[in-house]
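*Asks:* Provided herewith is a single structure, encoded as structure tokens, for subsequent inquiry.
The values are calculated or read from the model by the stated rules, or taken from the named source; none is laboratory data. Quantities reported herein were computed from a predicted structural model and do not represent experimental measurements. Glycine also receives a Cβ, built like all others from the backbone with ideal geometry; neighbour counts cover every protein chain displayed. We work out accessible area using only protein heavy atoms, side chains counted, and drop any ligands, DNA or RNA first. Shrake-Rupley method; radii C 1.70, N 1.55, O 1.52, S 1.80 Å.
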Amino acid sequence: MKMLINVPEAVVADALRGMAAAHPELIVDVENRVIVRRDAPVAGKVALVSGGGSGHEPLHGGFVGPGMLSAACPGEVFTSPVPDQMVRAAAAVDSGAGVLFIVKNYTGDVLNFDMAAELAEDEGIQVAKVLVNDDVAVTDSLYTAGRRGTGGTLFVEKIAGAAADEGRPLEQVRAIAQRVNDGSRSFGVALAACTTPAKGSPTFDLPPGELELGVGIHGEPGRERRPMMTSGEIADFAVEAVLEDLDPRNPVLLLVNGMGATPLLELYGFNAEVHRVLAARGVAVARTLVGNYVTSLDMAGASVTLCEIDEELLGLWDAPVRTAGLRWGS
């Protein structure tokens, strides 16, 4: 496989050096693998820290900035960051108002963030946590006990980030993050496997004429494999899988997310099909976001995430955000 890299061992460090060059509004510590808002800590503001394995960009480093995260900790490709990174990030952004850890439900992430929370509290930093587990495709998989954390992470980080920027206290920010997670559901589909730099070949075998329904963001197996389907048929399956588990009475936020190698031409066409299915089911869509946000290296495919919202959560979603991967408002 051809890749735009030097050597596999330096992929993450090289990417961080490039991020630092492109975004002077961030402090990128390449050696210690921590990305921090340059204006942190912000007096009186709850700080948000997240992180996970690299390969899912712009998640999480691309979501550091006003309106979202205060800091992020990138691990090696598809590998959890270590507690030292998380503690270093928490110490860099804590203003005394506390730190919220946003953790995707993967075993390594959960264990390391739990350990980091204990270490940070030993240093006098007040820590709260929220676990993101929005993926309805499977329960208990290769990387996790319970449901996986996927596209809902973006909704949690954006909405909780806006609440923190309003100056809300730690427990309120945590409660809002939990509400967003509780109202979010996702389902992903792979058309082709991803390739990690270290392996240099596809991470799993997916024949050309088949697709994986319910795939995870590390290439974990989904519910089933089927012969290739049309965009409309995939939308029918994915949305129905989400709505089997989420029965929204209020409008929803919709994320149509590319897995890394699917062009926007296809994603917008898929978005039209998703809207068709939701309209037929009487689900009102308040806002739609389309693009590559929670990726899996060069995987071809897409995921659908819905988040049931109310006026408060919609206002927080619409609040200004200014990060490398997401920005709107003044």
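*Asks:* Within the range 1-34, restricting attention to residues that are among the charged types (D, E, K, R) and open to solvent by 60 Å² or more (accessible area, probe 1.4 Å), which residue is nearest to residue 322 (Cα to Cα)?
*Replies:* Only one residue fits best here, namely 25.
*Asks:* Moving to a separate point now. Has the range 265-286 got at least one residue that is small (Gly, Ala, Ser), at positive phi, open to solvent by 10 Å² or more (accessible area, probe 1.4 Å) and modelled with pLDDT of 95 or more?
*Replies:* yes
*Asks:* If you scan the range 252-264, which residues turn out to be exposed (fewer than 14 other Cβ atoms within 10 Å of the Cβ) and either small (Gly, Ala, Ser) or in a loop (DSSP other than H, G, I, E, B) (or both)?
*Replies:* 263
*Asks:* What residue, of 185, 168, is more than 24 Å from residue 243 (Cα to Cα) and basic (Lys, Arg)?
*Replies:* Criteria check complete, one pass: 168.
*Asks:* Hey, residue 216 hits all of (1) in contact with a Phe, Trp or Tyr (Cβ under 8 Å, 6 or more places away or on another chain); (2) open to solvent by 10 Å² or more (accessible area, probe 1.4 Å) but one; which does it fall short on?
*Replies:* Here residue 216 meets the rest and fails (2).
*Asks:* On to the next question. Tell me, please, whether a residue that is of a type in the set (Val, Ile, Thr), touching a Lys or Arg at 6+ places or on another chain (Cβ under 7 Å) and crowded, with 22+ Cβ neighbours inside 10 Å can be found in the range 84-91.
*Replies:* Looking for residues that are of a type in the set (Val, Ile, Thr), touching a Lys or Arg at 6+ places or on another chain (Cβ under 7 Å) and crowded, with 22+ Cβ neighbours inside 10 Å, one finds none in the range 84-91, hence no.
Here is a yes/no grid of residues against (1) at pLDDT below 95; (2) open to solvent by 10 Å² or more (accessible area, probe 1.4 Å); (3) out of contact with any Gly (no Cβ under 6 Å at 6 or more places or on another chain); (4) in a strand (DSSP E or B):
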{"site": "172", "(1), (2), (3), (4)": "no, yes, yes, no"}
{"site": "179", "(1), (2), (3), (4)": "no, yes, yes, no"}
{"site": "187", "(1), (2), (3), (4)": "no, no, yes, yes"}
{"site": "190", "(1), (2), (3), (4)": "no, no, no, yes"}
{"site": "204", "(1), (2), (3), (4)": "yes, yes, no, no"}
{"site": "233", "(1), (2), (3), (4)": "no, yes, yes, no"}
{"site": "238", "(1), (2), (3), (4)": "no, no, yes, no"}
{"site": "250", "(1), (2), (3), (4)": "no, yes, yes, no"}
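*Asks:* Let me ask something else. Go through the residues of the range 299-311 one by one and say whether even a single one is touching a helix residue (DSSP H, G or I) at 6+ places or on another chain (Cβ under 9 Å), aliphatic (A, V, I, L, M), assigned to a helix (DSSP H, G or I) and crowded, with 20+ Cβ neighbours inside 10 Å.
*Replies:* The answer is no; no qualifying residue exists.
*Asks:* Among the residues of the range 115-147 satisfying the criterion of being open to solvent by 90 Å² or more (accessible area, probe 1.4 Å) and in contact (Cβ under 8 Å) with a residue 24 or more places away in the chain, which is farthest from residue 306 (Cα to Cα)?
*Replies:* Applying the filter and picking the extreme gives 123.
*Asks:* Mind checking which pairs have a first residue in the range 258-284 that is over 23 Å from residue 246 (Cβ atoms) and a second that is assigned to a loop (DSSP other than H, G, I, E, B), Cβ under 7 Å, 6 or more apart or different chains?
*Replies:* Within 7 Å, the pairs are 260/194; 260/292; 260/295; 260/296; 260/297; 260/298; 261/298.
*Asks:* Consider residue 91 against the criteria (1) touching a Pro at 6+ places or on another chain (Cβ under 8 Å); (2) of a type in the set (A, V, I, L, M); (3) at pLDDT 95 or above: it satisfies all of them except one. Which criterion is unmet?
*Replies:* (1)
*Asks:* Restricting to the range 37-52, name every residue that is open to solvent by 10 Å² or more (accessible area, probe 1.4 Å) and under 21 Å from the mean Cα position of the chain (by Cα).
*Replies:* Answer for the range 37-52, where residues must be open to solvent by 10 Å² or more (accessible area, probe 1.4 Å) and under 21 Å from the mean Cα position of the chain (by Cα): just 37.
*Asks:* If you don't mind, there's one more thing I want to ask. Among the residues of the range 125-137, are any polar (S, T, N, Q), closer than 23 Å to residue 236 by Cα and modelled with pLDDT of 95 or more?
*Replies:* Within the range 125-137 (the criterion being polar (S, T, N, Q), closer than 23 Å to residue 236 by Cα and modelled with pLDDT of 95 or more), the answer is yes, since at least one residue qualifies.
*Asks:* Then there's this: Can you run down the residue pairs with Cβ atoms below 9 Å, 6 or more apart or on separate chains, where the first is in the range 1-17 and more than 24 Å from residue 27 (Cβ to Cβ) and the partner is surrounded by 13 or more Cβ atoms within 10 Å (Cβ to Cβ) and among the β-branched types (Val, Ile, Thr)?
*Replies:* That search, which allows pairs on different chains as well, returns 1/195; 3/11; 3/195; 5/11; 8/77; 8/196.
*Asks:* Of the conditions (1) buried (at least 24 other Cβ atoms within 10 Å of the Cβ); (2) touching a residue at least 60 places away in the same chain (Cβ under 8 Å); (3) over 17 Å from residue 178 (Cβ atoms), residue 159 satisfies every one except a single condition; which number is it?
*Replies:* Checking residue 159 against (1) buried (at least 24 other Cβ atoms within 10 Å of the Cβ); (2) touching a residue at least 60 places away in the same chain (Cβ under 8 Å); (3) over 17 Å from residue 178 (Cβ atoms), the one that fails is (3).
*Asks:* Which one is farthest from the chain's Cα centre (by Cα), of the residues in the range 134-176 that are within 18 Å of residue 252 (Cα to Cα) and among the β-branched types (Val, Ile, Thr)?
*Replies:* 176
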